[in-house]
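Read the figures in this text as sums done on the coordinates, not as results from a lab. From a predicted model like this one, the values you see are computed outputs, not experimental measurements. Cβ coordinates were reconstructed from backbone atoms using ideal geometry, including for glycine residues, and neighbour counts include every protein chain displayed.
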Amino acid sequence: MNSPQVDAYLRRLGVEHPAWPTVDALRELHLRHLQTVPFENLSIHLGEEIVLEEKRLLDKVVGARRGGFCYELNGSFGALLAALGYD
């Protein structure tokens, strides 16, 4: 995930870029993700292809401002955390 994608994701969550990957920052990111990115399984019902590649996840969750099902949400959030320096 590149820097503009990280910035867009953080804007989607409504949080500032954390200075360091701390536990407190992780707690805030996790809470904001739960509050702003809904679980939804509309893609399944609409017959949309489910692709768990980072770019497609970011296009859906950040670009289209949609939610997703567990694999999509965990994949996109995991990519964000990795880009922010979390192991």
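For helix 23-36, what angle does its Cα long axis make with the longest principal axis of the chain, in degrees from 0 to 90 and rounded to 10?
The answer is roughly 30 degrees.
Please list 3J(HN,Hα) in residue order for region 3-15, calculated via the Karplus relation 6.51 cos²θ - 1.76 cosθ + 1.60 where θ = phi - 60°; whole Hz, with x for glycine and proline.
The phi angles translate into 4, x, 5, 4, 4, 5, 5, 5, 4, 4, 7, x, 10 Hz.
Could you tally the net charge around ASN2, taking each other residue with its Cβ under 14 Å from the Cβ of ASN2, Lys/Arg +1 and Asp/Glu -1? The partial results should precede the final answer.
Values: positive: LYS55; negative: ASP7, GLU54, ASP59.
It works out to a net charge of -2.
Round to the nearest 0.05 the FRET efficiency obtained for SER3 and LYS55 when R0 = 22 Å and r is the Cβ-Cβ distance. Display every interim value, and only then the final one.
Numbers: r = 15 Å, r/R0 = 0.69.
Computed FRET efficiency for SER3 and LYS55 comes out at 0.90.
Only Lys, Arg, Asp and Glu count, each charged at its Cβ (+1, +1, -1, -1), so figure out the dipole size of the chain about its Cα centre, rounded to 20 debye. The partial results should precede the final answer.
Details: 9 positive and 12 negative charges, 45 e Å.
The dipole of the chain has a size of about 220 debye.
Can you give the angle from 0 to 90° between the axis of helix 70-83 and the longest principal axis of the chain, with both taken from C-alpha atoms, to the nearest 10?
30 degrees
If you project the alpha carbons of the chain onto their three principal axes, what span does each projection cover, largest first, in Å?
Principal-axis extents of the chain (Cα, largest first): 40, 24, 21 Å.
Pull up all non-local amide H partners of PHE69: gap of 5 or more, or a different chain, and H-to-H distance under 5 Å with H placed in the peptide plane.
GLU40
Work out from phi, with θ = phi - 60° and the Karplus expression 6.51 cos²θ - 1.76 cosθ + 1.60, the ³J(HN,Hα) of each residue of region 52-57, listed in order in whole Hz, and give x for Gly and Pro.
Values, residue by residue: 9, 7, 3, 4, 5, 5 Hz.
Extending each Cα 7 Å along its Cβ direction at ASP87 and LEU31, get the distance between those two points in nm, one decimal.
Between ASP87 and LEU31, the label points sit 2.6 nm apart.
What does the helix-only formula give at 222 nm for the chain: each DSSP H stretch with n ≥ 4 adding -39500 (n - 2.57), the total divided by the residues, and the result rounded to the nearest 500 deg cm²/dmol?
Numbers: 5 runs with 49 residues, N = 87.
Result for the chain: -16500 deg cm²/dmol, rounded to the nearest 500.
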